[in-house]
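The values are calculated or read from the model by the stated rules, or taken from the named source; none is laboratory data. On a predicted model such as this, the values are computed, not experimentally measured, just so you know. Here the Cβ positions follow ideal geometry from the backbone for every residue, glycine too, while neighbour counts run over all protein chains shown. In case anyone asks, the SASA skips ligands and DNA or RNA and just uses the protein heavy atoms, side chains included. Shrake-Rupley method; radii C 1.70, N 1.55, O 1.52, S 1.80 Å.
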Amino acid sequence: MGDIRVRFAPSPTGSLHIGGARTALFNWLFARRQNGTFVLRIEDTDLDRSTAESARGIVSALRWLGLDWDEGPEIGGDYGPYFQSQRLAHYVEAANKLLEQGQAYYCYCTQEELSERRQEAMKSGQAPRYDGRCRHLTKEERTRLEQDGRRPALRFHIPPSGETVVSDVIRGEVAFAHDVLDDFIIMKSNGLPAYNFACVVDDSSMRISHVLRAEEHLSNTPRQILIYQALGRLLPVFVHLPMILAPDRSKLSKRHGATSVQEFQEQGFLPEGLLNYLALLGWSPEGEEEIMPLPEIVRQFTLDRVGKTAAIYDTKKLTWMNGHYLNENVLDGVVNQALPFLQQKGMVAKELSPSQQEYIKRVVELVRTRVKTLAEIADASDYFFSDDFAYEEKGLRKHFSKPGVDSLLEAALHRIERLESFEPQAIEESYRDLSADLGVGAGEIIHPTRLALSGRTMGPGLFELMSVLGKTRSLQRLSRAVQYIRQQA
């Protein structure tokens with residue numbers, strides 16, 4: 001097969017979209033599985049939309065996901081630069097070759113003229129394509145147009161007949177007739193390359209062996225193949241990945257929820273969960289197992305298991321997967337990932353003492369089994385860090401309004417006050433003994449106690465919760481609840 005070299009080439013015009021992340025992942029998986037090279041190239045020649053901030057955001061998102069690259073920004077390599085804006089000399093050289101060969105020509109048509117002709121063609125029922133009027137301009141005509149202030153673009157001359165066949169690993173052979181492909185721009189009037197041209201020049205210069213990209217690029221491929229052939233460069237293997245659609249099979253958009261890696265990161269998803277989910281969007285493993293650590297995905301990843309049909313975006317499945325990794329990952333790692341979410345809500349300080357760190361660790365260990373994201377850890381544990389919380393309205397009605405509940409809580413307070421050990425088992429035994437002594441069901445004491453300690457009717461195991469809070473705070477909160485109930489009476 002030769003040296004495997006693949007690339008991910010995003011345009012820095014916004015955040016890293018979930019579709020782009022899937023493309024990056026499949027390229028990375030293929031490179032790692034084949035002991036190949038994964039190249040990151042930033043396609044930043046769209047001056048109106050590209051920003052350095054977006055480029056930094058994409059690089060940061062890939063770093064967060066753990067998709068390391070072998071060549072590219074911040075690393076370098078033998079085929080740089082890896083920003084298209086720094087590779088202009090490569091495009092000019094290739095464009096001049098096509099000009100000399102007669103396979104490209106200068107076009108002086110303005111955007112207004114082109115738009116008007118497109119509209120006229122559509123009105124007459126014809127396909128809106130360039131009519132080639134600048135193809136045979138004389139030198140004198142070009143000079144006159146330039147003297148009029150027109151700056152030319154450079155167009156590629158499509159062969160007038162025949163077809164170009166795209167051989168795709170997933171879709172087989174797809175033929176495109178030349179009479180539906182118009183002469184397209186390869187160098188813009190501002191001197192910068194158009195996408196199809198820059199893509200070919202860079203992929204061939206960087207010796208990319210396989211081009212794995214989204215299905216919507218399939219229509220660009222015949223034009224790119226023609227450029228490869230005109231430049232006398234070897235074709236890569238093309239692999240067009242299935243689309244990602246919303247649950248209603250429409251195009252994925254903001255209305256379907258988070259659509260960028262940065263959004264998922266901000267919502268408290270783990271990179272392991274997101275990568276596992278993305279891997280299954282269009283690729284099928286050998287067995288039925290869905291929870292797969294990244295090394296296992298690498299081991300199994302082959303292109304023949306990438307499907308043709310569109311993958312359906314399902315945030316419920318992603319959230320379920322994320323909850324699995326949140327619960328199964330090493331606790332210290334989850335604590336470190338959860339800390340920014342706790343700090344953002346003002347629940348913990350930036351600088352923490354060893355005892356505070358240990359307390360946070362116990363809290364996270366207790367609540368992580370009941371949540372699905374890091375953000376939910378913060379939401380589920382706020383009462384561990386503040387004694388000033390309100391009681392849930394439904395809890396007040398259900399538990400604090402019962403006659404005698406204040407006496408039950410007071411009895412519980414006095415019972416646990418005598419405990420020497422404040423481990424969960426000792427607390428539970430104390431409660432079970434109390435309920436037997438009072439002749440009431442354990443739930444009659446346990447449920448109001450939970451409300452007293454957390455302000456909530458649901459949460460982690462009560463006795464584990466009390467042990468983490470500690471004896472002093474548990475007693476204080478029971479006392480507070482007794483006073484509240486009596487004040488409302």
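Report, to the nearest 10°, how far helix 424-438 tilts away from the longest principal axis of the Cα atoms in the chain, using its own Cα long axis and a range of 0 to 90°.
Relative to the chain, helix 424-438 is tipped by roughly 50 degrees.
So, with +1 on the Cβ of K and R and -1 on the Cβ of D and E, and no other charges, what is the size of the charge dipole of the chain about its Cα centre, to the nearest 20 debye?
Charge dipole of the chain: 760 debye, to the nearest 20.
Using Cα-only point scatterers and the Debye equation, what is log10 of I(q)/I(0) for segment 1-93 at each q in 0.13, 0.15, 0.16 Å⁻¹, rounded to two decimals?
Rounded to two decimals, the profile gives -0.43, -0.57, -0.64.
Placing +1 at every Lys and Arg Cβ and -1 at every Asp and Glu Cβ, with all other atoms neutral, what dipole size does segment 361-456 have around its Cα centre, in debye to the nearest 20?
420
Debye calculation, C-alpha points only, no solvent: report log10 I(q)/I(0) for segment 157-233 at q = 0.12, 0.16, 0.22 Å⁻¹, in the same order as the q values.
-0.34, -0.62, -1.16
Taking the chain as the reference, fit the longest principal axis to its C-alpha atoms, fit the long axis of helix 471-488 to the helix C-alpha atoms, and give the angle between the two in degrees, 0 to 90, nearest 10.
80
Under a straight-distance cross-link criterion of Cα-Cα below 12 Å, which aspartates and glutamates are reachable from Lys123, leaving out those fewer than 8 residues away in the same chain?
none
For Asp304, what is the net charge nearby, where nearby means another residue's Cβ is under 14 Å from its Cβ and Lys, Arg count +1, Asp, Glu -1?
+2
From the phi angles alone, apply the Karplus equation (6.51, -1.76, 1.60; θ = phi - 60°) to segment 406-413 and give each ³J(HN,Hα) in whole Hz, x where the residue is Gly or Pro.
Result, ordered by residue: 5, 5, 4, 5, 5, 5, 4, 4 Hz.
With θ set to phi - 60° and the Karplus curve 6.51 cos²θ - 1.76 cosθ + 1.60, what are the ³J(HN,Hα) couplings of segment 114-129 in order, to the nearest whole Hz, using x for Gly and Pro?
With the stated coefficients, segment 114-129 comes to 5, 4, 4, 5, 4, 5, 5, 5, 5, 5, 8, x, 9, 5, x, 10 Hz.
Which one, Phe30, Phe8, Gln111, projects farthest toward the positive side of the charge dipole computed for the chain from Cβ point charges (K/R +1, D/E -1)?
Gln111
Provide the percentage of antiparallel DSSP beta bridges, counting only those with both residues in the chain; round to the nearest 5.
Just about 55 percent of them are antiparallel.
Specify whether the C-alpha gyration tensor of segment 352-441 places it in the rounded, prolate or oblate class, a ≥ b ≥ c being the square roots of the eigenvalues: rounded for a/c under 1.5, otherwise prolate if a/b is larger than b/c and oblate if not.
oblate
Compute the long axis of helix 354-367 from its Cα atoms, compare it with the longest principal axis of the Cα atoms of the chain, and write down the angle in degrees, 0 to 90, nearest 10.
Helix 354-367 sits roughly 80 degrees off the main axis of the chain.
Tell me, what HN-Hα J-couplings in whole Hz come from the Karplus equation 6.51 cos²θ - 1.76 cosθ + 1.60 at θ = phi - 60° for each residue of segment 198-215, using x for Gly and Pro?
Karplus-based 3J(HN,Hα) across segment 198-215 equals 4, 4, 5, 4, 6, 4, 6, 5, 8, 6, 5, 8, 9, 10, 9, 8, 5, 4 Hz.
Within the set of other residues whose C-beta is less than 10 Å from the C-beta of Val201, count the net charge using Lys and Arg as +1 and Asp and Glu as -1.
-1
Just tell me which lysines come within less than 22 Å, Cα to Cα, of Lys350; anything on the same chain fewer than 8 places away is out.
Lys361
So if I place +1 on the C-beta of Lys and Arg and -1 on the C-beta of Asp and Glu, and nothing else carries charge, what would the dipole magnitude of segment 1-89 be about its Cα centre? I want it in debye, nearest 20.
300
Hey, which lysines would be in cross-link range of Lys251, C-alpha to C-alpha under 17 Å, not counting anything within fewer than 8 residues on its own chain?
Lys251 reaches Lys308.
Rank Met347, His324, Val306 by how far each Cα sits towards the positive end of the charge dipole of segment 306-358 (+1 on Lys, Arg Cβ; -1 on Asp, Glu Cβ) and give me just the farthest.
Farthest along the dipole direction, towards plus: Val306.
Report the rotationally averaged projected area of segment 47-129 based on its alpha-carbon convex hull, in square nanometres.
Projected area, direction-averaged: 9.5 nm².
Quickly rank 131-144, 35-48, 6-19 as a protection proxy: mean count of other C-beta atoms within 10 Å, highest first.
6-19, 35-48, 131-144
Can you pull the percent of segment 78-140's accessible area that's carbon plus sulfur, 1.4 Å probe, other chains left in place?
Answer for segment 78-140: carbon and sulfur cover 48 percent of the accessible area.
Using a 10 Å cut-off on Cβ atoms, rank the peptides 476-483, 294-301 from the highest mean neighbour count down.
476-483, 294-301
Among 384-393, 197-206, how do they line up by average Cβ neighbours within 10 Å per residue, starting with the highest?
Descending mean neighbour count gives 197-206, 384-393.
Quick one: divide the alpha-carbon radius of gyration of segment 138-286 by 2.2 N^0.38 Å and tell me what you get.
1.38
Positive end of the dipole of segment 256-318, charges at C-beta (+1 Lys, Arg; -1 Asp, Glu), about the Cα centre: which of Gln265, Leu294, Leu278 has its Cα farthest in that direction?
The residue sitting farthest along the positive end of the dipole is Leu278.
Once a ≥ b ≥ c are taken as the square roots of the eigenvalues of the Cα gyration tensor of segment 32-84, is the result rounded (a/c under 1.5), prolate (a/b larger than b/c) or oblate (a/b not larger than b/c)?
It comes out oblate by the Cα gyration axes.
Could you work out [θ]222 nm for the chain from helices alone, using -39500 (n - 2.57) per DSSP H run of at least four and dividing by all its residues? Round to the nearest 500 deg cm²/dmol.
That comes out to -14000 deg cm²/dmol.
Evaluate the Kirkwood expression for the hydrodynamic radius of segment 228-326, namely the inverse of the mean inverse distance over all pairs of different C-alpha atoms, and round to one decimal in Å.
Evaluated on segment 228-326, it is 15.3 Å.
What number comes out for the charge environment of Tyr277, summing +1 per Lys or Arg and -1 per Asp or Glu over other residues with Cβ under 12 Å away?
Net charge in that neighbourhood comes out at 0.
log₁₀ I(q)/I(0) of the chain at q = 0.06, 0.09 Å⁻¹, via Debye over equal Cα point scatterers, no solvent, to two decimals?
-0.44, -0.76
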